[in-house]
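Report on the structure given below.
Nothing in this text is a laboratory measurement; each read-out follows from the coordinates by a stated rule. In this text the structure is predicted, and so the values were computed from the model without any measurement. Cβ coordinates were reconstructed from backbone atoms using ideal geometry, including for glycine residues, and neighbour counts include every protein chain displayed.
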Ligand code: DGJ
């Protein structure tokens, strides 16, 4: 809901439990009056007037003590009396870099406009948008702050549009998607960081004077950092405390900062990374930033997660599968790697079908001459010799076993040893005159080039039209180096990283529109591009290449901070685990993989009869509870500081069924097992727990009995049902 207060100079963006209030000063500067728990107040401009000033900085407009640096800004620019990190940096043809934006007008409307070429969350009813227009009269530039309120979802989105009304080019050196100033600094900063194989570990650190920065310069959002930043109350835990967060709907280089200034105010920003970025904005053209999702929670991290999960499931993911339960899959990668033939694939598929699995995924190695990582990326033609016939015949035989068929592709890449590269050596990202560098023996195709985009759309369309493919795993296995494009003029070379992402989105838009029934799973060596931009097109992501159940605990717990469990690919794999050599029980592996979208990625033909029986039971059990996991609400029961125990609960949509899981990493000598107190039940209702009937209040205040672990990596799981 949008309300205009104080003679229309205050904008109150109100969603169910949150308010974001902006106020335009008489000088035309837009300030952030408030962000937090929903307010009912009518007049709030006094908050800004009451701010005391003290500084060494100039007075704006000659008004004594009017210093922007001490006011919470909504669009700080360089060259004014605010020398903190700007949100917008432009360079004009006269060499000047100062932009001085003042309020011009506003527009309010129902609904939300699609951002050209970018994933945009529009699919919800009752959305209202306010556009606040600012202008720089000297340079004839318009900057539009666009906020949309998704009332029922407690979510606000923001993007920024820069329009050049002059007759000369303007160079955009930086433009963020969101920038919000807080009049305090007593916060922790929370973010997700890691590396290949250990993505999305939740980090919480105290802020202090200076700038905390996280980013990606890798061409993708990356394994290292997620395009997410939050400021949290120092006491915040899973169920208490306030948290302000920004998550960017973008899959490329980003930068997020939390800057504490000398007066203990904090600036939080997120946007396209200004590193190696510059955009030539031609006269009469606009630049649209990707959008940011702004979520506030006043009940800790669990509430934050629930708000993100529901918003992303119901509004972000545009796939027809967004809200459908997902199939249990078998993927042949860790079962065979490149070493397979038709007989091997069929024997794996047969075992999978026997165990009740529903989708067979043929991973890397089915095309060209691909027997290892050295060849054939780009040649997306089935290798008939290796497949013992055509791909259609293999699919047919797999379908006859009662399984759907899925296929791996890595379309953004090309091997030097491939027909595609031989035909188009100029299609890769490279700087002419320098030898391009390989990673995993592959180059990155220049997706900024429309010819490359068209080629990918037509090649993949042909594949999907010809074969009965129900699922695609879209992989991306290297960072982008040698940043240079043959299709961009010298002055536009710094547009490459953003144009690459726009090119990717264009390809994904075309394919997902053309093949709406295909279930797409995104992957970048695991979770190297796990972000809302990819989720918009592909409703699930391979969470990590690390399939060890214990390593997966912090990875999945961290990922679940923002991204819905239905989007997390989680597989049971072989022991000793291929990444870390750890041996865990089939039970624990199953419990952990049931935290998201369950799959199997091991050679089922090598299982003992007992193990196979366990797998069968797991699959049958998961099918019964998957709706609770995939469409229900996740509540994490242990705090992230406790690295030895992880417990989580899923509550079904109708709050009648609960799946509770617990894993203890290391067993400890001479300890008395404690009880696991639940959250999110009705304290007056009764529930069936095994043989016993317990009240909700009992389960939440006394809790479930934890077994004394007799070995490391022990897990327990309970299915609890409400009784009438
Ligand atoms: C990296 C992925 O994350 C793996 O799951 C697998 O698909 C390999 N690529 C195949 O090359």
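Quick notes
- Taking the alpha carbon gyration tensor of the range 155-245, multiplying each eigenvalue by 5 and rooting it gives semi-axes of 29, 19, 12 Å, largest first.
- Highest mean first, the peptides 93-102, 345-354 sorted by other C-beta atoms within 10 Å per residue fall in the order 345-354, 93-102.
- Extension gain, residue 46 back to residue 400 (0.36 nm per residue minus Cα-Cα distance, nm): 120.3 nm
- Compared with the direct C-alpha span, the chain from residue 583 to residue 98 gains 168.6 nm at full extension, assuming 0.36 nm per residue.
- Cα gyration tensor category, rounded, prolate or oblate, for the range 609-651 with a/c compared to 1.5: oblate
- Tail beyond 14 Å, pair distance distribution of the range 567-613 (Cα, percent): 52 percent
- Along each principal axis, Cα extent of the chain, largest first, Å: 83, 69, 44
- Counting every pair of alpha carbons in the range 35-120, the share spaced more than 22 Å apart comes to 49 percent.
- All Cα pairs of the range 128-174, percent lying beyond 12 Å: 66 percent
- Sorted from greatest to least, the principal axis extents spanned by the alpha carbons of the range 52-167 come out as 48, 40, 23 Å.
- Given their separation in residues at 0.36 nm each and the Cα-Cα distance between them, residue 108 and residue 184 gain 24.3 nm when the chain is fully extended.
- The range 597-724: equivalent-ellipsoid semi-axes (sqrt of 5 x gyration tensor eigenvalues, Cα, Å): 25, 21, 14
- Cα gyration tensor shape for the range 188-229, rounded if a/c is under 1.5, else prolate or oblate: oblate
- Percent of beta bridges antiparallel (DSSP, the range 512-634, rounded to nearest 5): 10 percent
- Take the Cα of residue 702, go 7 Å toward its beta carbon, and the backbone nitrogen atoms of the range 673-696 under 12 Å from that spot belong to 692-696.
- For a paramagnetic label modelled on residue 65 (point 7 Å from Cα along Cα→Cβ), amide N atoms under 19 Å away belong, within the range 18-53, to 25-27, 45-53.
- Column: log10 I(q)/I(0), Debye, Cα scatterers of the range 430-521, q = 0.15, 0.18, 0.22, 0.26 Å⁻¹: -0.66, -0.88, -1.14, -1.37
- FRET efficiency, residue 234 to residue 38 (Cβ-Cβ, R0 35 Å, nearest 0.05): 0.95
- Note on residue 419 and residue 489: with the Förster distance fixed at 30 Å, the Cβ-Cβ geometry gives a FRET efficiency of about 0.55.
- Hull volume in cubic angstrom per residue (convex hull over the Cα atoms of the range 393-434): 91 Å³
- The ellipsoid that matches the Cα gyration tensor of the range 529-657 has semi-axes, each √(5λ) in whole angstrom, of 23, 17, 16, with the longest given first.
- Between the alpha-carbon centres of the range 521-544 and the range 666-724 there is a gap of 33 Å.
- Mean residue ellipticity, 222 nm, helices only, the chain: the sum of -39500 (n - 2.57) across DSSP H runs of n ≥ 4, divided by residue count and rounded to 500, is -6000 deg cm²/dmol.
- By other beta-carbon atoms within 10 Å, ranking 29, 578 with the fewest at the front produces 578, 29.
- Label-to-label distance, residue 675 versus residue 468, with points set 7 angstrom from Cα along the beta-carbon direction: 5.4 nm.
- Exposure proxy for 92, 250: other Cβ atoms within 10 Å of each Cβ, ordered fewest to most, give 92, 250.
- Efficiency of FRET between residue 337 and residue 613 - r from beta-carbon atoms, R0 25 angstrom, step 0.05: 0.40
- For the range 53-130 and the range 351-408, distance of Cα centres in Å: 52 Å
- Here each label is just a point 7 Å from Cα along the line to Cβ, and for residue 685 and residue 169 those points are 6.2 nm apart.
- Cα centroid of the range 148-178 to Cα centroid of the range 421-488, whole Å: 29 Å
- Seen against the Cα atoms of the chain and their longest principal axis, helix 496-514 is set at about 50 degrees.
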